1. Please list, in order, the residues from region 268-288 whose amide nitrogen is less than 20 Å from a point placed 7 Å along the Cα→Cβ vector of residue 313.
2. Which order do the peptides 72-80, 88-96, 140-148 take when ranked by the mean count of other beta-carbon atoms within 10 Å per residue, highest first?
3. According to a simple spin-label model (label point 7 Å from Cα along Cα-to-Cβ), what is the distance in nm between residue 186 and residue 86?
4. Tell me what the chain gives for mean residue ellipticity at 222 nm when only DSSP H runs of n ≥ 4 count, each as -39,500 (n - 2.57), the sum divided by the residue total, rounded to 500 deg cm²/dmol.
5. If you project the alpha carbons of the chain onto their three principal axes, what span does each projection cover, largest first, in Å?
6. Ratio of alpha-carbon Rg to the 2.2 N^0.38 Å globular estimate for region 140-287, to two decimals, please.
7. Rg(Cα) of region 1-156 divided by 2.2 N^0.38 Å?
8. Taking R0 as 35 Å, what's the FRET efficiency between residue 256 and residue 25 from their Cβ-Cβ distance, rounded to 0.05?
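What follows draws every value from the coordinates through simple rules; no lab data is involved. These figures come from a predicted structure and were not determined experimentally. Cβ placement follows ideal geometry from the backbone for every residue including glycine, while neighbour counts extend to all protein chains displayed.
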């Protein structure tokens, strides 16, 4: 008996969200199938890969990453170099130094850096805060103003500061709003509802539903993504039909397997290879679970994941 394939596409779909403008703009989402199930239906917008730089420049980067930025003196120089890496679709600028419990850099200093980056590159921008909700309320509101006209993704509004960030990014300056929740489908849904009730267009929201490096409670992150995609597509839940973006770099390069030197752990082998492996396996897994974009650090990781996506689409 001849085999008759049955399409697994859904009647519902993930929202298509544009980030950036002009020829370099990208579109996240739009799919009505499970991740990489292109045998069920074509996918118009492949997952995207971003490169992360931070306000610390090269200060806190591993040596294996620093070599790719040789000669760069400013964060803007790094942005230009990062934009040239093979496979990069967008640039992510993380303002870690704003954390009051860390370097506690002023909002003015960080926004000045952001403006230099805006002037230096024309790639779509993702602007990330310092993970301190109160400081991010101010920092990301000012960032939304600094990238006016660039249709940037401001990552991210949380339950503690969604009113300030959502009002500035989504309403005043018409940027894309990132909604960050803590690895729980109900929290993700609740934050999307709160943002839309505030007046933010649901089709201008991208979710970060939580992230972790592979092996570090990672099953919670990917199972949450699986549940979000199932609810969005199989159940047609409009409050969860936003694309997902996952910041992988800060998680993957922050664990001992990537950070431990070869002098300290000679039995683990080459540190650069370990870091790349951790970043690639984490990114591949979150993409397979439904992420529409990943943020990476190492140029080899970026090239590898970009190639994987092209081969699977």
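1. Residues 280-288 fall inside that zone.
2. Numbers: 72-80: 17.8, 88-96: 23.7, 140-148: 20.7.
Per-residue Cβ counts within 10 Å, averaged per peptide and sorted highest first, yield 88-96, 140-148, 72-80.
3. 4.7
4. -11000 deg cm²/dmol
5. 64, 50, 36
6. Ratio of Cα Rg to 2.2 N^0.38 Å: 1.19.
7. Working it through for region 1-156, the quotient is 1.26.
8. Values: r = 38 Å, r/R0 = 1.09.
The value I calculate is 0.35.
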